[in-house]
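Reviewing the structure listed below.
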Amino acid sequence: MTEPVVARFAPSPTGFLHIGGARTALFNWLYARGRGGKMLLRIEDTDRERSTEPAIAAILDGLTWLGIDWDGDTVYQFSRSARHREIAEQLLAAGKAYRCYASPEELTEMREAARREGRSKLYDGRWRDRDPGQAPPGVKPVIRLKAPANGETAVEDKVQGRVVWQNGNLDDFVLLRSDGTPTYMLAVVVDDHDMNVTHVIRGDDHLNNAARQTQIYNALGWRVPAMAHIPLIHGPDGSKLSKRHGALGVDAYRAMGYLPSAMRNYLVRLGWAHGDQETFTTEEMIAAFDLPAIGRSPARFDFAKLESLNGQYMRATADADLIAELERVLPFIAGGNQLAAKMTPALRETLLAAMPGLKERAKSLVELFDSARFLWAERPLALDDNAKALLTPQAHLLIGELIPKFEANNSWSAASTEADVRAFVERSGLKLGTVAQPLRAALTGRTTSPPIFDVLAVLGKDESLARLRDQAG
Ligand code: GLU
């Protein structure tokens, strides 16, 4: 029987959950879920200066919004420092690590010398074999790994292939600082081991760390988990991802009105492919996702593609579900709280009736919200500049003439109001647009909206007539 997969997402809460982190989380989640395995979450909050509570909250919230869940309790790395210390001491006792008393000045000197001579090894190992009896008094040492001096360290990476480092180029790095706090390198290894992690899937900015972590695993006689280092996400022009190109927190995507389902689909295709399939249900993603199909070159972030995918998902989402999604994001979009405060079962019904016309046009929930505003707008309607320009004195008169026709309509619907308007234009020899546009302006305050007869039907006879009377000449 093969061992169950245990994957994990291990963000540092020094900033919000950005798009690259969200993709890493998704890949781990898909990998675990597709194999009946476990997905763990570990908050790497050992950097006490830079880790913040709001960042932790944003990470948990962002994952939840994306529909990425995890098994068991969230592990907070800082709470495990005693265990990290214990392992450092254990390595020390086994002769696999040593105390180093080099002063900050000595370290700076060594670094500068290394730079001058073009060596990657920054620490020269001066305390490696020195008698601790020579320790300068009153100096608190760090603990360094006694890394192998010769040979090589190799990582069999599931994405990058076999990657090899010459041990001569890697120095004896610090495991425990002089204040007794563990370094990231030690903490990650101890936690992954203790959490029984079998697969480490993360950004390839951690590839060099993988070599050092492998040395720690080896020193401890622990098995190295499978590794997969994913190329980072780049901007559309191939450069490092900038804010303008989408290097934003997941919360920004929610506020822009993207659906979590579309976001998942967009993210899974950033660096992973399954033939030429572009759209995946979550179940399909879980079934198809695998590590060998992750590309070795950086994926490029493309807003236009995300937007068009989102539009596709919106059109495919059932009307009632879309309203639920809209209500979910109201607190995060400009003006959304006003609607949230007004939402009644009746307004929800109206929204539901209007949804087929609205969702055809909207590529995001924000656009949907915006184009639906007329539904809950209060009379007299605020008109935008285009609508104002359309409502000429002549248009006011036309509206005035139409009102009695509508008043006489006792079977209010898109079809019957259309019949009224068509009869009216035929008799007066006008073009349909000449009447429809002022109607639209009077009913919605704008010059674009869902089809005008749908607007009349959704608003209902009383509200439609009241809005028209506001604009009648
Ligand atoms: N905490 C690290 C980061 O946020 C990730 C460590 C890991 O996945 O091993 O970049």
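For the structure I just gave you, tell me whether Thr344 is under 18 Å from the mean Cα position of the chain (by Cα), open to solvent by 20 Å² or more (accessible area, probe 1.4 Å) and not aliphatic (A, V, I, L, M). In short, no.
Screening the candidates Pro404, Pro393, Pro451, Pro380 for the property of being open to solvent by 30 Å² or more (accessible area, probe 1.4 Å) and either among the hydroxyl-bearing types (Ser, Thr, Tyr) or under 23 Å from Arg361 (Cα atoms) (or both) yields one hit, Pro451. Scanning region 224-251 for residues that are in a loop (DSSP other than H, G, I, E, B) and of a type in the set (A, V, I, L, M) yields Val224, Leu232, Leu241, Ala247, Leu248. Put simply, of Thr281, Thr317 the only residue that is hydroxyl-bearing (Ser, Thr, Tyr) and touching a residue at least 12 places away in the same chain (Cβ under 8 Å) is Thr317.
Taken together, Arg264, Arg254 contain a single residue that is within 25 Å of Ala7 (Cα to Cα), modelled with pLDDT of 95 or more, assigned to a helix (DSSP H, G or I) and not hydroxyl-bearing (Ser, Thr, Tyr), which is Arg264. Counting just the residues of region 193-239 that are near the ligand (Cβ under 9 Å from one of its atoms) and in contact with a helix residue (DSSP H, G or I) (Cβ under 8 Å, 6 or more places away or on another chain), which one comes out nearest to Pro292 (Cα to Cα)? Per the stated criteria, the residue is Ile201. Asp69 passes every criterion in (1) in contact (Cβ under 8 Å) with a residue 40 or more places away in the chain; (2) within 22 Å of Gly249 (Cβ to Cβ); (3) out of contact with any helix residue (DSSP H, G or I) (no Cβ under 7 Å at 6 or more places or on another chain); (4) open to solvent by less than 60 Å² (accessible area, probe 1.4 Å) apart from (4).
From the list Glu360, Glu378, Glu407, the lone residue that is of a type in the set (Asp, Glu), closer than 28 Å to Met343 by Cα and in contact (Cβ under 8 Å) with a residue 40 or more places away in the chain is Glu360.
So that you can scan it fast, the table gives a plain yes or no per residue for (1) out of contact with any Lys or Arg (no Cβ under 9 Å at 6 or more places or on another chain); (2) away from the ligand (no atom under 16 Å from the Cβ):
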residue: His18; (1), (2): yes, no
residue: Arg33; (1), (2): yes, yes
residue: Leu40; (1), (2): no, no
residue: Glu105; (1), (2): yes, yes
residue: Ala114; (1), (2): no, yes
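The values are calculated or read from the model by the stated rules, or taken from the named source; none is laboratory data. Note that the structure is predicted; figures quoted are calculated from it, not measured. When we count neighbours, we look across all protein chains shown, and the Cβ atoms used for this are built from the backbone with ideal geometry, even at glycine. SASA here: full protein model, heavy atoms, side chains in, ligands and nucleic acids out. Shrake-Rupley method; radii C 1.70, N 1.55, O 1.52, S 1.80 Å.
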